[in-house]
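Taking it in order: structure first as structure tokens, then the write-up.
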Amino acid sequence: MTTNWAGNITYRAQEVHRPSSVAELQAVVARSRRIRPLGTRHSFNDLADSPGALVSVTGLPPSVELDTGPVNGRATARVPAGMRYAELTRHLDERGFALPSLGSLPHISVGGACATATHGSGVRNGCLAASVSALDLVTAEGDLITVARGDEHFDGTVVGLGALGVVTHLTLDLVPAYEMRQQVYKGLPLDALDDHFGELVSSAYSVCLFTDWSAPRLTQIWIGERLDEPPADVAKLPWFTALPADGPCHPVDGMPAASCTEQLGVPGRWHERLPHFRPDHEPSSAGDELHSEYMIARADAVSALHALDAVRDRIRPVLQICEVRTIAADRLWMSPFYEADSVSVHFTWTSDTAAVLPVVRLVEERLAPFAARPHWAKIFTMEPPELRRLFPRLADFARLAGDCDPAGKFASPFLDRYLR
């Protein structure tokens, strides 16, 4: 039996295929009646499950193809979908290139992260899928096709939730490599954000805010500066009363920081500072957790945080940590950032599903006035009609999935609930 990383989902599929070539993958898909792509199993719901079989592309050749003759002014890299960001980013950096943003975990696969609109932080930085300029996928008939930026359905294909086919490779836009430093500050009253939220989250290339909701305050603020940009001087502002951490920090106060990327302002490469966790360590919780995440318009961030603060006594008992990040708008149909500069409110819960779910519903009630869009791969309880209202291109995506896969080869109970 195969479970997800957190162990809260046991996949019903009786078979997991691990082809070692694209041709073998095509044959597996063509002969299967029901099949779903499986990434690094970091989904916290049944998005990846199938009543038939699962297929992993981690066995495909791990070569990265660089094109340094810029297309539309940018160099690109064609990347295997099953490659993890930890491996990819080292490869790119050694050749002088970088990605604009990275998620908090470098352990996740490029294909899975892009298919679910996973993201990092920064007011100028889109989600990871925003860097995709083309993708190769195996269709329900076993054909291999390429969909590129500018094609009619490209914006509907990138965040594809595994509903359109099995992605084998993605072509990513690159930027020149850069260096960063990361500083952690501790203890800022929540009401300091009332007049200064925009100033704080715009103060550096990547800014992440944390709270455990034990009080109306931010427990930590992680500020990541690029060395080729003006320094973040937020600590000099009179309203910024948070104090620099006197040692390395884990986002959850009291947990060992050995798994976290280097802090204390020590310069380092972009891929060694943007994630929260080191690639050679699992996060200290090592999967003993559940995740929920909701995206709201940036203009509503302060009001939404105060709405959550009003029920912090309900949130705190089942919470490990809550993180607030910014993400730039995109045009990808199923992205929670579709046409909206956004703020994400992420909850790392304890692993007690029965205790967590009522609080998830409460959080959704508190965030409902702000049209909060959930992360597709995390725990949420919203009903299909609400999702259709929140994602204005969901009906278009459902039609695209039906056109690409009329027999429902890539369907699943999750997709049936929300698309069919």
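Compute the FRET efficiency between residue 148 and residue 195 as 1/(1 + (r/R0)^6), taking r as their Cβ-Cβ distance and R0 = 51 Å, and round to the nearest 0.05.
So, using R0 = 51 Å, E works out to roughly 0.70.
Given the options 317, 371, 274, identify the residue whose Cα lies farthest towards the positive end of the charge dipole of region 272-420 (+1 on Cβ of Lys, Arg; -1 on Cβ of Asp, Glu).
The residue sitting most towards the positive pole is 371.
Using a 10 angstrom cutoff on alpha carbons, build the Gaussian network for the chain and name the most mobile of 107, 291, 281.
281
What share of Cα pairs, in percent, lie more than 29 angstrom apart in the chain?
42
Would you mind telling me which residue in 188, 264, 237 has the biggest mean-square fluctuation in a Gaussian network model of the chain, where springs connect alpha carbons within a distance under 10 angstrom?
Among 188, 264, 237, the largest mean-square fluctuation in the Gaussian network model of the chain belongs to 237.
Find the relative contact order for region 305-354 and round it to a whole percent, using C-alpha pairs within less than 8 Å whose residues are 6+ positions apart.
Rounded, it is 37 percent for region 305-354.
Give me the accessible area per residue for region 1-48, probe 1.4 Å, as a whole number in Å².
Accessible area per residue: 49 Å².
Per the Debye formula with a single identical scatterer at each Cα and no solvent contribution, what log10 I(q)/I(0) holds for region 32-107 at q = 0.15, 0.19 Å⁻¹?
Calculated log10 I(q)/I(0) at the listed q: -0.66, -0.90.
Given a cut-off of under 8 Å on Cα pairs at least six residues apart, what relative contact order in percent is computed for region 312-420?
With pairs under 8 Å counted, the relative contact order is 22 percent.
Express in whole angstrom the spacing between the alpha-carbon centres of region 1-51 and region 275-343.
Rounded to whole Å, the Cα centres lie 27 Å apart.
Note down the nm distance, to one decimal, between modelled labels 7 Å out along Cα→Cβ at residue 67 and at residue 313.
Here the modelled spin labels are 5.9 nm apart.
With only Lys, Arg, Asp and Glu charged, each at its Cβ (+1 for the first two, -1 for the last two), find how big the charge dipole of the chain is about the Cα centre; round to the nearest 20 debye.
660
Quick one: grab Rg to one decimal and Dmax as a whole number for region 363-420, Cα atoms only, in Å.
12.6, 39
Going toward the positive end of the dipole of region 1-82, with +1 on Lys and Arg Cβ and -1 on Asp and Glu Cβ, which of 75, 22, 4 do you reach last?
4
Excluding residue 295 itself, what net charge comes from residues whose Cβ is under 13 Å from its Cβ, given Lys and Arg +1 and Asp and Glu -1?
Once all neighbours under 13 Å are counted, the net charge is -3.
At q = 0.12, 0.17, 0.19 Å⁻¹, what is the log10 ratio I(q)/I(0) for region 151-293, with the Debye formula run over Cα points and no solvent?
Log-scaled intensity ratios, in q order: -0.64, -1.06, -1.18.
Could you tell me what % of all Cα pairs in region 295-420 have separations over 25 Å?
Value for region 295-420: 30 percent of Cα pairs lie more than 25 Å apart.
With a 1.4 Å probe and all protein chains in place, put 20, 206 in order of accessible area, largest first.
Per-residue accessible area, sorted high to low, gives 20, 206.
Pairs of alpha-carbon atoms within less than 8 angstrom and 6+ residues apart define the contacts here; what relative contact order does region 119-227 have, in percent?
27
So, with a 1.4 angstrom probe, what is the percent of accessible area on region 196-317 that is carbon and sulfur?
On region 196-317, the fraction of accessible area on carbon and sulfur atoms equals 54 percent.
Which one of 347, 328, 203 is farthest out on the positive end of the charge dipole of the chain, using unit charges on Cβ (Lys, Arg +1; Asp, Glu -1) and the Cα centre as origin?
Going by the Cα projections, it comes out as 347.
Only helical DSSP H runs with n ≥ 4 go in: add -39500 (n - 2.57) per run for the chain, normalise by residue count and round the 222 nm mean residue ellipticity to 500 deg cm²/dmol.
-6000 deg cm²/dmol
Where does region 85-206 land on the Kirkwood hydrodynamic radius, alpha-carbon pairs, in angstrom?
Evaluated on region 85-206, it is 16.4 Å.
Full extension from residue 355 to residue 16: what is 0.36 nm times the residue separation minus their Cα-Cα distance, to one decimal in nm?
Difference between extended and current length: 118.9 nm.
Please give the contour-minus-distance gain from residue 31 to residue 237: 0.36 nm per residue of separation, less the Cα-Cα distance, rounded to one decimal in nm.
Stretched out fully, the residue 31 to residue 237 stretch lengthens by 67.9 nm.
With +1 on the Cβ of every Lys and Arg and -1 on the Cβ of every Asp and Glu, and nothing else charged, how large is the dipole of region 345-394 about its Cα centre, in debye rounded to the nearest 20?
260
So how strong a dipole does region 289-420 carry about its Cα centre when Lys and Arg Cβ are +1 and Asp and Glu Cβ are -1, to the nearest 20 debye?
With Lys and Arg at +1 and Asp and Glu at -1, about 140 debye.
The values are calculated or read from the model by the stated rules, or taken from the named source; none is laboratory data. Note that the structure is predicted; figures quoted are calculated from it, not measured. We place every Cβ from the backbone using ideal geometry, glycine too, and count neighbours over all the protein chains shown. To get the accessible areas, we keep the full protein, side chains included, count just its heavy atoms, and leave off ligands, DNA and RNA. Shrake-Rupley method; radii C 1.70, N 1.55, O 1.52, S 1.80 Å.
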